[in-house]
1. Given (1) out of contact with any Lys or Arg (no Cβ under 6 Å at 6 or more places or on another chain); (2) surrounded by 18 or more Cβ atoms within 10 Å (Cβ to Cβ); (3) in contact (Cβ under 8 Å) with a residue 60 or more places away in the chain; (4) assigned to a helix (DSSP H, G or I), where does Phe7 come up short, assuming only one miss?
2. Of the residues Leu45, Leu50, only one is in a helix (DSSP H, G or I), at pLDDT 90 or above, touching a Gly at 6+ places or on another chain (Cβ under 7 Å) and within 18 Å of Leu305 (Cα to Cα); which?
3. Ile224 fails exactly one of the following numbered conditions: (1) at pLDDT 90 or above; (2) closer than 27 Å to Ser449 by Cβ; (3) open to solvent by 10 Å² or more (accessible area, probe 1.4 Å); (4) within 20 Å of the chain's Cα centre (by Cα). What is the number of that condition?
4. Do you know which residues across segment 442-489 are at positive phi and part of a helix (DSSP H, G or I)?
5. Here are some residues: Val57, Val37. Which one is assigned to a helix (DSSP H, G or I), surrounded by fewer than 21 Cβ atoms within 10 Å (Cβ to Cβ) and β-branched (Val, Ile, Thr)?
6. Quick check on my filter: what residues within segment 82-107 are over 29 Å from Phe7 (Cα atoms), of a type in the set (A, V, I, L, M, F, W, C) and open to solvent by less than 10 Å² (accessible area, probe 1.4 Å)?
7. Looking only at segment 274-283, which residues are more than 24 Å from the chain's Cα centre (by Cα) and either open to solvent by less than 80 Å² (accessible area, probe 1.4 Å) or of a type outside the set (Phe, Trp, Tyr) (or both)?
8. One residue is enough: does segment 114-124 have a residue meeting the conditions within 25 Å of Met420 (Cβ to Cβ), modelled with pLDDT of 90 or more and not charged (D, E, K, R)?
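The values are calculated or read from the model by the stated rules, or taken from the named source; none is laboratory data. Here the structure is a predicted model, which is why all the values come from computation and not from measurement. Cβ coordinates were reconstructed from backbone atoms using ideal geometry, including for glycine residues, and neighbour counts include every protein chain displayed. Side chains are part of the model used for accessible areas, which takes the heavy atoms of the whole protein and leaves out ligands, DNA and RNA. Shrake-Rupley method; radii C 1.70, N 1.55, O 1.52, S 1.80 Å.
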Amino acid sequence: MNLISKFKETVNSVIPVMAIVLVLGLTAAPLGAGLIVRFIIGGALLIFGLTFFLLGVDVGIQPLGEQTGAALTSKKNLLLLLSVSFVIGFFVTVAEPDIQVFGDQIHSVFSAVNKSHLVYMIALGVGLFIMAGLFRTIVQFNLKITFLICYAGIFILTYFAPEAFRGIAFDSGGATTGPMTVPFILALGVGVSNVRASGKNNSGSESFGLTGVTSVGPVAAMLIYAVLLSRSGYLLPSVVSESSGAAGSGAGIFLEIIPDVLHESFLSIVPLVIMLVVFQIFLLHLPPHKLIRIIIGIVYAFFGLTVFLVGVKGGFMEAGSRLGMILGAKASGAGGFWYFLLIFTGLVLGAVVVCAEPAVWVLTEQVENISGGTIKRKFMMVFLSAGAAIAIGLTMWRALSGFNLMNILVPGYLLALSLMIFCPPLFTGIAFDSGGVASGPITSTFVLSFTIGASQAAGGSTDSFGVIALVAMTPLIAIQILGIIYSMKLRQIQKSKELMAEVKSNVSI
């Protein structure tokens with residue numbers, strides 16, 4: 001049954017992180033019995049909720065995206081395709097659970113920043129860049145040049161944005177590409193690439209790249225938003241004490257937050273329902289059995305999102321933040337062993353989180369199949385795990401020392417963009433699409449909360465942001481390097497075949 005497979009996926013994602021927290025929370029960084037209990041309950045609810053949410057995506061939301069993509073492309077109306085794609089991107093992003101949690105975490109640091117405005121700005125960026133990505137696919141504009149233009153624009157905007165918000169802006173690109181948004185984007189991208197103008201060269205590389213282009217949108221939108229906020233004086237970080245949160249509220253906190261979470265989930269899912277009604281009347285005209293299945297999927301997603309958010313807000317994020325505060329305070333005060341322990345914890349979390357993400361397993365299998373087995377899944381997992389471990393380890397170091405995030409992001413993206421020169425277009429598309437794959441729900445909830453806590457304990461408040469961005473940057477480099485290796489092996493195989501053919505020809509003579 002699909003429910004069982006989804007349950008296994010979420011268990012494999014969450015349990016390793018819970019094990020690390022429990023070991024540290026019971027030994028080096030005591031969290032207290034009350035918070036430990038809440039963390040366990042929150043983790044169980046997160047697993048249960050994410051299972052039903054992912055099931056809802058598979059049963060209803062992803063088919064809705066596929067049906068919409070097919071219907072739009074069959075109309076062969078460019079204006080209709082782009083305008084409806086914008087609406088889809090906007091509404092689906094508003095319903096993305098990672099974005100809801102991400103908004104809460106930003107608000108916890110910048111209390112004057114309105115969470116709804118943040119979410120809508122991110123959704124606006126997604127909608128606009130889905131349009132741009134689909135237009136690129138239709139006119140077959142070079143994907144590598146597209147990424148070069150996009151990131152050149154991003155770093156120009158970064159120059160004008162306040163330093164305190166730069167990490168948040170780059171984090172938003174990774175947080176956006178979650179379990180709700182990606183299926184819609186992939187469905188639209190594959191549908192358009194399969195029916196684009198005939199008579200032109202249609203390589204498999206055109207099926208990839210839309211997610212990568214789309215993820216630029218939130219970064220650009222948040223940088224512009226940050227410039228506007230800084231001029232209004234709203235970007236002053238809040239002062240958050242170690243005792244903040246609901247740690248002392250007991251397990252009853254889960255019941256207390258249900259009304260607010262229900263309201264939040266309702267506001268997230270209602271746009272999807274409206275979109276389904278409008279599309280069914282004017283575009284899709286689905287038969288009753290397909291329509292009922294999509295409705296059931298949306299109900300699953302609503303239920304799962306509610307349970308997920310209750311678990312995250314009721315104990316899961318609070319434990320991560322408190323653990324980071326304890327280790328961060330000891331590392332910044334005593335140094336030595338505690339300094340090393342905080343960074344080592346970041347390294348372990350990075351490796352575990354990437355290995356546990358279901359989307360990473362899908363990606364590695366995809367690349368192994370595309371390469372004909374030349375690039376093994378295990379080899380890819382080592383690359384991605386090492387990259388994510390280094391990314392989160394660097395974030396822990398930054399939380400303690402406060403160095404500029406751009407010192408890592410600028411060289412990293414310059415390397416990723418430089419690798420495009422040597423990398424096959426197919427692997428470039430896959431690499432930029434997979435930027436958000438490594439930064440899934442666990443990174444957006446627990447890991448970010450952990451780094452926020454460590455940063456606040458070390459005297460900072462914004463140095464924690466950037467962890468999602470660094471994790472999302474890793475596949476851009478790793479997969480393109482693998483693509484270059486794959487290309488070199490192909491050339492070697494081709495030369496061997498040519499040499500064998502020449503030898504056989506000489507022998508026959």
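1. Every condition holds for Phe7 apart from (3).
2. Numbers: Leu50 fails: at pLDDT 90 or above.
Criteria check complete, one pass: Leu45.
3. In the conditions (1) at pLDDT 90 or above; (2) closer than 27 Å to Ser449 by Cβ; (3) open to solvent by 10 Å² or more (accessible area, probe 1.4 Å); (4) within 20 Å of the chain's Cα centre (by Cα), Ile224 misses (4) alone.
4. Here is the first cut: in segment 442-489, the ones at positive phi are 459, 466.
Those that are at positive phi and part of a helix (DSSP H, G or I): none in segment 442-489.
5. On the way: Val57 fails: surrounded by fewer than 21 Cβ atoms within 10 Å (Cβ to Cβ).
Matching residue, one of Val57, Val37: Val37.
6. Going through segment 82-107, the residues over 29 Å from Phe7 (Cα atoms) turn out to be 82-87, 106-107.
Still in the running and of a type in the set (A, V, I, L, M, F, W, C): 82, 84, 86-87, 106.
Selection gives Ile106 alone.
7. Ile274, Leu276, Val277, Val278, Phe279, Gln280, Ile281, Leu283
8. Looking through segment 114-124, none of the residues is within 25 Å of Met420 (Cβ to Cβ), modelled with pLDDT of 90 or more and not charged (D, E, K, R).
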